[in-house]
Structures are given as C-alpha cells and as structure tokens.
Amino acid sequence: MADTEFEPRIIAFLCNWCTYTGADLAGTSRIQYPPNIRVIRLMCSGALDPVYVSKALLEGADGVLIGGCHPGDCHYQTGNYKARRRVAILKSILKQLGFDEDRVWLRWISASEGRLFADTVTEMVAALKAKGPNPLKGAWDI
Amino acid sequence: MVHSVLKTDGNPSEAIHLLLRRLLDEGIVDALLVPLRVASGDNTVQTLVRDTRRLEGMDVLAPVMPVTTARLVSAITMTGIKERVGVVMRDCEIRAVVELVKLQQAKADNLLIIGMDCMGTYEVPDYADLMRSGADVGGALLAHAASGQPQPHEDKAFRTACQMCEKFTPSHGDLRIHLFGDDPKQHIHVEVADDLAAKLGLEPAAPAQARENVVAAITRQRTETRDRLFASFRERTKDIVGLQAYLSTCIRCHNCMVNCPICYCKECIFRTPIFDHESEKYQMWAARKGAVRLPTDTLLFHITRLNHMVTSCVGCGMCDSACPSHLPIAILFRAVGQEVQALFDYVPGRSLDEPPPVATFREDELEGVQ
Ligand code: SF4
Ligand code: SF4
Ligand code: SF4
Ligand code: FES
C-alpha cells in the first residue's frame, strides 16, 4: 500500500569511550545495521544536557539513542549514573506532557560490543517503525 | 525548640514587631530582613534593616510577596558575611532557601530564620488596590486565624499557588511564629530555639491547643484544591496538542524563570549563544517545515526548565505572578514535579541533609530506565 516505507530518523548521542567506539567497531567489523542513525559524539553520557534530547524530539526526530559505558565503567567514574537520573527525569516529564517517552532509549554499550550496538540500532529502527513517525514532524508552532 | 506565648493586648502585629525589634536591640542579630511598608503605603517589601529606627513601617502580616525572599537571601549571603541576619519568611521561601543552600547558592551559617504561619498572599496589584482603599489587609486575615479559614477580601483572591499550598507553616527556623489556632487579640504562640528563648526571656508554655486541628483542616482543604487543579491540568495536557494549547499565549519572555528561586544559573542555557542562531538558520527552518513560529523553542524552554529544576520546585508560584500572560505555570511545575520528585522520594525543602536529586545518584537504582 504505502509507496515508500517509513524510515525513522534516530539521533544518537554516544559516549566517546564506549558506545561511539563500539559503533566504530561495528563498522570496521562489517556488522550490518540500518543507516537510520545520525551520531553525535560526547565525551561522556554524563555530559548530555536533556535540552538536546528534547530539541531533537521537538524538531521531529523519531527516536533518540543515548549510549554510555556500563555502570561502573564510566571513564569519569560516575557520569553514566548521573545520565541515568537525567534520563529518568526526562522520561517522566515527557510522559506526563503527552510525549511518547519510549522514543528515547538509554543503552550501555562498551567499546568491544560492536555486535550489541548493531543489534540495538536494528531493534530500535523496528520499534520506531511500529510506532510510526514522530507526530511533531513538521510542527511549525512549537 | 520550646513553645512560648506572646501576650498581644489587642495588637498582635505590634507584639510580633516588638519581639523582632528585640532581636536587633539585644544584639542577637546585626540586621533584620523584614517586610516594610513603602512610603506611598500601597506596597510592603523586604528590607534589610540595621538601624532600629528604620523598623517604623514594619508589617510582617502583610499578605504579599513581591519577590521570593530566597533570592534575597542568596544575594546577601552567597559570598559570605560576618553579620548575623534575622530573616522573616513564609514556608515556601524557607524551603527555597534550603534548596539554595544545598545547591550552593546561599549560606545559612549566619542566618536566623524567622518563620511565620502563612495565611496566603495576594498578587502585588491586588494588594496595592486593597491598601489604597484603606483596608486593614493583614489584620482582616488575622481575624480568621483562630477558625483557620482566612478569607480573602471580597472581589480579590489569593494567588493560585497559595490556594493549593499545603505547606504553609514554618518547617524550619530558630523562631517560628504561630498564628493559627489562637485568638490573636489575646495572645499568639511562638516556637523558639532553646538558647534563643533564654536570650529573649520567653517562658516555656504549652502549644496552642486548637492549632493542630486548625492546621490539619486548612491542609486538607488546600490539598483538595491542589488535587483538583492537578487533575484538570493533566486532563488538559494529555497530548502534545493539549500542552501547546496550555502554553499558547506564552511570549517566551523568561519572566517565570527570572523570578523562580530555584532557577539560579547565571549562564542559563537560554541566554547563552546556543540560542543566538545565524540569521540564515531561520530561513532554513521555515523552508524545512514550511513555516516556523517566532520566537522559536517555546515548548523547549518550558521542558528544559522542568528538566533542570523541577526536582527542587517549592511551589511558591513566583512564576505565575511574573507571567504577563497569566499562564498557570506553577500548576504545571508542581504537577509534573510531584511525579518526578516521587521517583527519588524527594521533598524540596524538607532537609538540608538530603542532596538534591540532580546533584547525586545511587549505583543501585533506576535499573529499568533504558
Ligand atoms: S505558596 Fe504557601 S507559603 Fe508561599 S505564600 Fe502562598 S500560602 Fe504562603
Ligand atoms: S513568564 Fe509567562 S509568557 Fe513569559 S516565558 Fe514564562 S510562561 Fe511564557
Ligand atoms: S517553578 Fe514556579 S512554583 Fe516552582 S519554585 Fe520556581 S517559581 Fe516557584
Ligand atoms: S565516559 Fe562513557 S559514560 Fe562516562
């Protein structure tokens, strides 16, 4: 029926020390994953202000992936624990205000987990396809 | 803390003023931050007083809060002071001070907090109207203290934040002035730190008998109002279209942020170059979406402010009072805050010992957040 299948756009905020390197590894190991993701590199998941996640959603991104080091492995000791609190707060706020908070994913993926990174993107693309496009896409009056 | 009684001989506000004056006279404090009537008589503003002769126009019962005293306390203590300052505050202001101390925006070391039972406050223009009409604005409320049903003047209402405020008795303070449950024409009760009681020569006494029931009744009624307002807010903002409608008249002036005691950031992200865009960008956005509302980022502003500070929102309603569009921002922040704060079992202003949720973490928590 549909002339072209909906291709979700995902903005990914990835920690330099783990998930970003994991994404790199997926690439160099030629592990296939869908091309729906635009990556922004951070020095730590704890450096991500929720303003950027909110902005991405308000501008119509279909999903936001936040990737950090596994608990206990943060290069700066505790950045990922702080990130987890911020994401918990953000999701609660989004949910309460009528957004679909499940468009925001927080995942711990290490530098050696190229496979996990590829699987995560594949899984996220499928989940977002099931949801359909972000209703805010094209909203001019936000 | 000990309870004590102040005889009022028909003039409760005078009795309180004499007590406060003694703090200065006895050298217990070097300065007082207290509400003083301005010369024109139609406003009452917090004033830092060192000379007792300046206490002339003191009016601690004035039901008005032009700015939150928490901001003033931050200003006068932030970089440290040697002087000891007694500060008269309502509980929303006290709770905001507690948050600011924990956020390292105020220092409590040299503060002597004087908490007052709060009967509710008017918006500044309403208060000014009443004062110009010659009404005894504070006294009229005090007459209802015993029954615990402070009624606003006919044709005026208390601020919405006050109508839904269920924490209106002093939760902290070296000196706590109780108004509810007494006949203030005869006496009022105070609760006072032990050493201070001795210095002020206050004799221990039993607390006002009726107080507990009176406070409980007001709390119940305010909580009902709160829950009703939260429910209608939640109904209105079920989806993003509803949220947009809720905020449709926002002009993104930032007044709500500027007047919020918790929004202390000198370099708020909305005032940094991050939001100074290249002129061409606007054309790009308009081209991409077909059109773009200006100024941009109204929802982003509110959502970001929520993310940054709602864990510490004390419900003072300064955001409402500052809004030129009369938007019910405090309901939004309190309602959203209720659920976010519950995630961390955090109550803003409850204790100096609990770090604010955004300033700490636990390793074994929120494992389901992903
Ligand atoms: S919010 Fe509560 S404590 Fe603050 S002025 Fe209103 S009634 Fe008083
Ligand atoms: S004060 Fe009112 S109009 Fe101004 S930014 Fe806040 S909500 Fe919008
Ligand atoms: S958001 Fe509004 S109600 Fe909450 S602390 Fe700030 S000014 Fe007070
Ligand atoms: S360095 Fe990777 S999350 Fe902190």
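Here are the numbers for this structure:
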quantity	calculated
Environment charge at A:Y33 (Cβ cut-off 11 Å; Lys +1, Arg +1, Asp -1, Glu -1)	0
Accessible surface of B:R234 - all protein chains present, 1.4 Å probe, nearest 10 Å²	80 Å²
Label-point separation, A:N16 to B:V258 (7 Å along Cα→Cβ), nm	3.8 nm
Between 0 and 90°, nearest 10: helix B:298-309 axis offset from chain B longest Cα axis	50 degrees
Tensor-based shape of segment A:10-131 (alpha-carbon gyration tensor, a/c under 1.5 rounded, otherwise prolate or oblate)	oblate
Sites A:Y76 and B:D239, calculated FRET efficiency, Cβ-Cβ separation with R0 45 Å, nearest 0.05	0.75
Evaluated over chain B, the Cα radius of gyration and Dmax, each in Å	22.0, 75
Summed side-chain charge close to B:L141 - residues other than B:L141 whose Cβ falls under 14 Å, Lys, Arg +1, Asp, Glu -1	-2
Percent carbon-and-sulfur accessible area, the protein assembly as shown, ignoring ligands, DNA and RNA, probe 1.4 Å	51 percent
Peptide B:340-347, shielding by other chains (average Cβ, 10 Å cutoff)	2
Computed label-point distance, nm, for sites B:R228 and A:A47 using a 7 Å Cα→Cβ extension	5.1 nm
Peptides ranked, highest mean first, by Cβ atoms within 10 Å: ranges B:259-271, B:181-193	B:181-193, B:259-271
Length released on extending from B:A286 to B:D195, taking residue separation times 0.36 nm less the Cα-Cα span	26.1 nm
Residues of type lysines that B:K102 reaches as a straight line, Cα spacing below 26 Å, ignoring anything fewer than 8 places off in the same chain	A:K82, A:K91, B:K82, B:K167, B:K266
Cα→Cβ-extended label distance, 7 Å offset, between B:D51 and A:A130, nm	7.5 nm
Cβ-derived FRET efficiency at R0 35 Å, B:A108 paired with B:A205, nearest 0.05	0.80
Straight-distance crosslink candidates among aspartates and glutamates, where the alpha carbon sits under 14 Å from A:K137 and sequence neighbours closer than 8 are dropped	A:E7, A:E59, A:D62, A:D100
Length gained when the stretch A:T4-A:R38 is fully extended (0.36 nm per residue, less Cα-Cα span)	10.2 nm
Peptide-level mean, for B:288-297, of C-beta atoms on other protein chains within 10 Å	4
R0 of 30 Å, Cβ-Cβ distance B:E166-B:D353: FRET efficiency to nearest 0.05	0.85
Most to least packed among A:54-67, B:352-365, B:125-138 [average Cβ atoms within 10 Å]	A:54-67, B:125-138, B:352-365
Residues along segment B:225-274 losing 50 Å² or more of accessible surface when the other protein chains are present rather than the chain by itself (probe 1.4 Å)	B:I240, B:Q244
Antiparallel content of DSSP bridges confined to chain B, in %, to 5	60 percent
Inter-chain shielding of A:93-102 (mean C-beta neighbours from other protein chains, 10 Å cut-off)	6
Whole-number accessible area per residue in Å² for the protein assembly as shown, which is evaluated in the context of all protein chains at 1.4 Å	45 Å²
Net charge of neighbours whose Cβ lies under 12 Å from the Cβ of B:Y246, counting Lys and Arg as +1 and Asp and Glu as -1	+1
Peptide ranges A:25-35, B:69-79 listed from the most packed, as the mean C-beta count within 10 angstrom indicates	B:69-79, A:25-35
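The values are calculated or read from the model by the stated rules, or taken from the named source; none is laboratory data. No experiment lies behind these values; they were computed from the predicted model shown. Don't worry about glycine lacking a Cβ; one is built from the backbone with ideal geometry, like all the others, and counts go over all protein chains shown. Protein only, heavy atoms only, side chains kept; ligands, DNA and RNA dropped before computing areas. Shrake-Rupley method; radii C 1.70, N 1.55, O 1.52, S 1.80 Å.
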